[in-house]
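Worksheet: one structure, shown below.
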Amino acid sequence: MTRAFTFPGITTRVVFGAGTLARTGEELARLGHSRALVLSTPNQRQDAQALAERLGDKAAGVFAGARMHTPVEVTEKAVQAFLDTGSDCVISLGGGSTTGLGKAIAVRTGADQIAIPTTYAGSEMTDILGETASGEKTTRREAAIRPEVVIYDVDLTLSLPLGLTVTSALNAIAHAMEAFYAPDRNPVIEAMCRDAMRAFQSAIPRLVQDPADREARGEALYAAWCCSTALGQVSMALHHKLAHVLGGSFDLPHAETHAILLPHTTAFNAAAVPDLLSPIAGVFGAPAGAGLWDFAKASGAPMRLADLGLAKADLPRAAAIAMKNKYWNPRPFDEAAILTLLQAAWAGTRPAS
Ligand code: NAD
């Protein structure tokens, strides 16, 4: 019998394709706004300024101070800029760090958001906001956090460096991996995730050969949309918890940490729910954890937490922090099991399952 499910619906409007950045003004008008604050990281300031120029008097200004993990002190300055410029909407042009700043402004001011993602991290389709204050990262979920419009312009991803292309894709695959066993999964999300696995598996090797392959960039960004939608609709488990602990408490870089953990968390849970993870094994090779490890290695991804500067002596503390709050996972675990998993990810060994 068909499994019972709830499909919450997708409320974000999505505009996808090459050259779609040109439609930003039209989307702004469609939302009923006429003064947008354009956000970016310092790295992507030029792109943000070019977009503001293109928008003309519909752009109220540029705030190019977005930083990873959404520090509250940056948000406070950005909210001030939003108010000082009389803005009525934010446009976030960049990866998860910039999308996070847009969300943080929106949740404080009620502003509408247009997100224009340029990585595969997948924050844009979610109602999740992680923020850091005094070295601690907290996460919340609220309807006001979810962007109203997402514009996926394939051309903006042509400049994504190869290293980040690969780790960001693995970051996106992690959303799908956990969606396949999420207790609140639904057939729409499962279908999107299956399609995303095929698209990434096809696109990433081509991008490793030629990062400017526009066709492969399109497939990868499409897959990123599918995975972001999954992240925004269903619950995540052990993998995301461990990535959050290593990013929040040990300041490890977001995409690389996800990429390194993924084969190990997949292997750990595949031992309990191999059937649910068969879409991964079917695409990347069986068993699922080893298949992803082989794919990551062939794509040139970093393989060892040790290479991100994490000391072996830190692993027991990381395992203890990961045990602090209870959360659902398809395979039960204790602190010793987490430590063993982290040791494998630290050393970069190929998982057996
Ligand atoms: P990022 O946004 O920090 O980007 C990394 C660097 O790459 C930045 O300097 C950025 O300017 C640059 N960059 C981005 N796209 C580029 C492009 N196309 N060309 C050239 N340079 C480019 O990294 P990320 O991995 O996208 O995002 C990580 C952050 O997003 C973390 O803080 C994470 O917690 C958050 N995140 C949140 C959610 C959520 O749902 N709340 C989901 C995923 C990620």
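Under the criterion of Cα pairs below 8 Å and six or more residues apart, the relative contact order for region 1-142 equals 21 percent. Using the structure shown, list the pairs from LYS58/LYS241; LYS103/LYS326; LYS77/LYS297; LYS241/LYS312; LYS103/LYS312; LYS103/LYS324 with a Cα-Cα distance above 30 Å, or answer none. Over 30 Å apart, Cα to Cα: LYS58/LYS241; LYS77/LYS297; LYS103/LYS312.
Only DSSP H runs of four or more residues enter the estimate; each adds -39500 (n - 2.57), and after division by the residues of the chain the mean residue ellipticity at 222 nm equals -16000 deg cm²/dmol. A crude spin-label estimate for the pair VAL273 and GLU73, with each label 7 Å from Cα along the Cβ direction, gives 4.1 nm. Considering only DSSP beta bridges with both partners in the chain, what is the antiparallel share in %, to the nearest 5? Given both bridge residues lie in the chain, the antiparallel proportion sits at roughly 20 percent. Just so you know, the Cα atoms of the chain work out to an Rg and Dmax of 19.5, 58 Å. Computed from Cα atoms, the angle from the helix 162-181 axis to the main principal axis of the chain rounds to 70 degrees.
Output the relative contact order of region 37-106, whole-number percent, from Cα pairs under 8 angstrom with separation of 6+ residues. Show your work: numbers first, answer last.
On the way: 110 pairs, mean separation 28.5, N = 70.
Relative contact order for region 37-106 comes out at 41 percent.
Each residue was assigned an accessible area with a 1.4 Å probe, and for TRP225 the value is about 60 Å². About the centre of its Cα atoms, region 1-111 shows a dipole size close to 340 debye [charges on the beta carbon of Lys, Arg (+1) and Asp, Glu (-1) only; nearest 20 debye]. Nonpolar atom fraction for region 134-219, defined as the carbon and sulfur part of the 1.4 Å probe accessible area, stands at 52 percent. A simple spin-label model places the labels of SER249 and THR85 3.8 nm from each other, with each point 7 Å out along Cα-to-Cβ. When both region 156-199 and region 24-63 are represented by their alpha-carbon centers, they are found 28 Å apart. Applying 1/(1 + (r/R0)^6) with R0 = 30 Å to the Cβ-Cβ distance of LYS312 and ARG108 gives a FRET efficiency near 0.15.
Here the chain is assigned +1 on the Cβ of each Lys and Arg and -1 on the Cβ of each Asp and Glu. Its dipole about the Cα centre then comes out at about 520 debye. For PRO287, the shell of other residues with beta-carbons less than 15 Å away shows a net charge of 0, using +1 for Lys and Arg and -1 for Asp and Glu. Rounded to the nearest 10 degrees, the inclination of helix 72-84 to the longest alpha-carbon principal axis of the chain is 20 degrees.
The C-alpha atoms of the chain define a longest principal axis, and helix 96-109 lies at about 60 degrees to it.
Take every Cα pair under 8 Å in the chain that's 6+ residues apart, average their separations, divide by the length, and report that relative contact order as a whole percent.
Numbers: 687 pairs, mean separation 51.3, N = 353.
Here the relative contact order equals 15 percent.
Accessible surface for ASP334 stands near 80 Å², nearest 10, in the context of the full protein assembly shown (1.4 Å probe).
The values are calculated or read from the model by the stated rules, or taken from the named source; none is laboratory data. Because the structure is predicted, anything quoted here is derived from the model rather than measured. As a convention, Cβ positions derive from the backbone with ideal geometry for all residues, glycine included, and neighbour counts pool all protein chains shown. Keep in mind that these areas ignore ligands, DNA and RNA; they rest on the heavy atoms of the full protein, side chains included. Shrake-Rupley method; radii C 1.70, N 1.55, O 1.52, S 1.80 Å.
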